[in-house]
Amino acid sequence: MNSITIIGGGIGGIVTAICFEKLNIPYVLYERAAVLKEVGAGIWLSPNALQVLEWIDPKLLQAVQSSGNAFDSIRVTNHNLRPISDSNQQFALQKYGYTTMAIHRGKLQKILYDYATKENIVLNKTLKKYESYRDYITITFTDKSTVKTRSLIGADGINSTLRKQLFPGSTLRYTGQTCWRGIANYDLDTSLTNVGCTLWGKKLQFGMSKLENGKVYWFAVRRSKMQQKDNLHTLKNTLTTLFSEFHPIVNTLIDNTPLEKIMRNDLFDLNLLERWHYQNICLIGDAAHSMTPDLGQGGAQAIEDAFYLSNFIHGIPKTEDAFDTFYTFRKPKVERLVKQSWNTSRMAITNRPLEILRNFILKYTPQKMMQQQMLTVYNIDTTIAHKNV
Ligand SMILES: Cc1cc2nc3c(=O)[nH]c(=O)nc-3n(C[C@H](O)[C@H](O)[C@H](O)COP(=O)(O)OP(=O)(O)OC[C@H]3O[C@@H](n4cnc5c(N)ncnc54)[C@H](O)[C@@H]3O)c2cc1C
C-alpha cells in the first residue's frame with residue numbers, strides 16, 4: 001500500500017514530490033502523460049516560487065535561473081508601449097537575491113522532473129476514481145488497474161478529476177477572455193530584454209518577455225465566447241489585424257512565431273472552495289484554487305503549496321491534521337490572490353472611460369506602495385521549514 005499518493009505531475013505535483021524527497025516523506029506520483037515533452041510557452045516565476053526552489057537545493061534554483069531570464073522591472077504600458085506603471089525590481093533583488101524571471105515552461109518541467117528520483121514517479125497513469133474506506137483509499141486508473149493508499153493528494157490541475165469526485169458542486173468561472181500564447185524567434189531591443197512587459201489598451205492585452213537569446217515569450221488576450229476554434233490558415237492574420245493599432249513590436253513577435261508554436265486557451269478560475277481537503281484527501285495547486293493568469297501567480301502558488309504541505313506533513317504525525325493545518329494556513333493568501341487576479345483581469349481589458357481612470361490611478365500609485373504589495377506576495381514563511389532529514 002502507498003503511504004501518500006500524488007495525482008498529477010505538473011508544476012505543483014512534481015515540486016511536492018521533490019519536497020517530500022528532501023524531507024524523507026514516502027510517496028508515489030502518478031501522471032497522465034506518457035512522456036514529459038518540452039511543450040508549452042513561457043511562464044513567469046516570482047521570488048516566492050524561487051525561494052522554495054532555493055530551500056529545496058540552491059543547485060536546483062541555479063539550474064532554473066540559468067535556463068531563463070531575470071527581470072529588472074515589471075512594466076505595464078499602454079497599447080503603444082508608453083509606461084503606465086513601472087516597478088523596478090531592485091528591492092526584490094536586495095531582499096531575496098533574485099527577481100521574477102521568465103522560463104520556457106517545458107524546460108522548467110524537465111529540470112524539475114530530472115531533479116526528482118524517478119523511481120517514485122509513474123507516467124501514463126490517469127486517475128479515474130477513488131473509493132474511501134476506514135483506513136485507506138483505493139484508486140482506480142483508466143487502464144483499470146488499482147492501487148491502495150493511506151492518503152491522497154490531488155495535483156491534477158484546473159479540471160481535476162479528483163476534485164470533481166471530492167467536491168461535486170465545485171464550478172469553474174469563465175473570465176469571458178481567451179488567450180493565445182507563443183514563443184517568437186526574435187531578439188528584443190536591449191531596452192526590453194530584462195522587462196516583464198504587459199501592454200493594456202483597445203480592449204486587448206499583450207504581454208512579452210525574453211526567455212533566452214533569440215526567444216521571446218508572448219501572450220495575447222481578448223474578450224471572446226468560450227470554445228471558439230481558430231482557423232490555422234488565417235490565425236496569424238487574425239491576430240495581427242486584432243493588434244494592428246498596437247506598437248509594431250507586437251505584430252513582429254506574432255509574425256516571427258511558428259504557427260505550430262501558437263496555442264490557445266479560454267481563461268477560467270475556480271469558484272472558491274469551502275475547503276480543499278476531506279479526511280485523508282487534499283487538493284493543491286490549480287485543483288484547489290485555480291486563478292486567472294493576470295498576476296502570474298498560479299504556478300508560484302502551486303509551488304508554495306508544495307513547500308508548506310510537505311513541511312506540515314513532516315511536522316504533524318497525522319496526515320489528516322497536516323491537511324487541515326495546511327488549508328487554514330494557506331487560505332488567506334491564496335483567496336486574496338484569486339480575487340486580486342480576477343479583478344486585474346477585469347481591469348486589464350475594459351472600456352475607454354474606465355481605462356483612463358485605471359491608467360491615472362496606476363500612474364500615480366507610489367513605487368513604495370507597489371513594492372509593499374509585491375512583498376506580501378513574494379514573502380514566504382521559512383520559519384516553518386524543516387531542514388534536510
Ligand atoms: C495563459 C496562462 C498563463 C499562465 N502564466 C503563469 C505565469 O506566468 N506564472 C505562474 O506562476 N502561473 C501562470 N499560470 C498558471 C499556471 O499555469 C498554473 O497555476 C499551474 O500550472 C498550476 O500547476 P498545477 O500543478 O496545479 O496544475 P498543472 O500544471 O495543470 O498540472 C496538472 C497535472 O496533472 C496531470 N493530470 C490531470 N488529470 C490527471 C489524472 N486524472 N490523472 C493523472 N494525472 C492527471 C496533467 O497531465 C498535469 O501534468 C498561467 C496559466 C495560464 C492559463
Practice prompt. Determine whether segment 359-375 contains at least one residue that is surrounded by 15 or more Cβ atoms within 10 Å (Cβ to Cβ), in contact with a Phe, Trp or Tyr (Cβ under 7 Å, 6 or more places away or on another chain) and not hydrophobic (A, V, I, L, M, F, W, C).
Written response: yes
Worksheet item: Do any strands (runs of 3 or more DSSP E) entirely within segment 41-152 hold 1 or more residues that are closer than 21 Å to Ala287 by Cα and not hydroxyl-bearing (Ser, Thr, Tyr), and if so, which?
Response: 42-45, 127-132, 137-141
Fill in: Matching entry among Ile56, Ile74 (being within 12 Å of the ligand (Cβ to nearest atom) and not basic (Lys, Arg))
Ile74
Discussion item. With the requirement that a residue be over 15 Å from the mean Cα position of the chain (by Cα) and not in a loop (DSSP other than H, G, I, E, B), what does segment 270-302 give you?
Written reply: His277, Tyr278, Ile281, Cys282, Leu283
Discussion item. Can you pull out every residue in segment 156-201 that is part of a loop (DSSP other than H, G, I, E, B) and over 30 Å from Thr138 (Cβ atoms)?
Written reply: Tyr186, Asp187, Leu188, Asp189, Thr193, Asn194
Worksheet entry | First in segment 107-122 and within 18 Å of Ala34 (Cβ to Cβ) and among the small types (Gly, Ala, Ser), second anywhere and at pLDDT 95 or above and crowded, with 19+ Cβ neighbours inside 10 Å, Cβ under 6 Å, 6 or more apart | Ala116/Ala17; Ala116/Ile18
Response to the item:
The lone condition Leu267 fails out of (1) in a helix (DSSP H, G or I); (2) of a type outside the set (Ser, Thr, Tyr); (3) within 30 Å of Val377 (Cα to Cα); (4) within 16 Å of the ligand (Cβ to nearest atom) is (1)
Worksheet item: Which residue out of Glu355, Glu304, Glu260 is modelled with pLDDT under 95 and surrounded by 18 or more Cβ atoms within 10 Å (Cβ to Cβ)?
Response: Glu355
Practice prompt. Please go through segment 131-185 and pick out each residue that is surrounded by 20 or more Cβ atoms within 10 Å (Cβ to Cβ), of a type outside the set (Val, Ile, Thr), more than 30 Å from Met347 (Cα to Cα) and within 14 Å of the ligand (Cβ to nearest atom).
Written response: Leu152, Gly154, Leu162, Leu166
Discussion item. Take Ile313 and tell me if it is away from the ligand (no atom under 14 Å from the Cβ) and either of a type in the set (Gly, Ala, Ser) or part of a helix (DSSP H, G or I) (or both).
Written reply: yes
Response to the item:
Flagged pairs (Cβ under 8 angstrom, 6 or more apart or on separate chains; first in segment 232-253, of a type in the set (Asp, Glu); second modelled with pLDDT of 95 or more) are Glu245/His79
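The values are calculated or read from the model by the stated rules, or taken from the named source; none is laboratory data. Bear in mind that the values here come from a model prediction, so they are computed numbers and not experimental data. Please note: Cβ atoms are built from the backbone with ideal geometry, for glycine as well, and neighbour counts cover all protein chains shown.
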